[in-house]
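Written out below as structure tokens is the structure these notes cover.
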Amino acid sequence: MSWVRPSRAWSLCVPCRFPRLHSAVIRTFVLVQHYAAALMAVSGLPQMKNCTSVETLEITQNLLNSPKQCPCGHGLMVLLRVPCSPLAAVAYERLAHVRARLALEEHFEIILGSPSSGVTVGKHFVKQLRVGAVHRDE
């Protein structure tokens, strides 16, 4: 498995190399890069800890470990708000790719939504939602 190691230096030099690049694009790219690195670090690639922030690493650990602590499998939700649809689509694709490479599809769902379109949710996640609803009704 080969991974492209994110570089903190890259995020620092982007404004110099691309002065007209909007800061929202840079922030979104760095945010997704941090979450991708944190997912890799939590999944057994400790060298990726240097490529993310302590906060993002902790959020990702809690995201993956919280369902194991609840008998019903309830877990945390992390919401990433991205300023525009094209950037959100890129973030969705990158995080979904990392999740698939790490075989974490059954651990959490990535949902891309916008006011103008419906939300697509994976079958496994819908099944978990139904089980949670049954437990809640009991």
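Residue order for VAL121, VAL30, VAL54, fewest other beta carbons within 10 angstrom first, comes to VAL54, VAL121, VAL30.
Arrange GLU109, GLU93 by Cβ neighbour counts within 10 Å, fewest through most, would you? Mind dumping the intermediate values first?
Numbers: GLU109 17, GLU93 13.
Final ranking by Cβ density, sparse to dense: GLU93, GLU109.
With the simple spin-label model, which puts each label point 7 Å out from Cα in the Cβ direction, the PHE125 to SER66 separation comes to 1.4 nm.
Each reported figure results from applying straightforward, stated rules to the coordinates on display, with no laboratory input. Quick caveat, the model's predicted, so the values are computed rather than measured. FYI the Cβ positions are ideal-geometry reconstructions off the backbone, even for glycines, and counts take in every protein chain you see.
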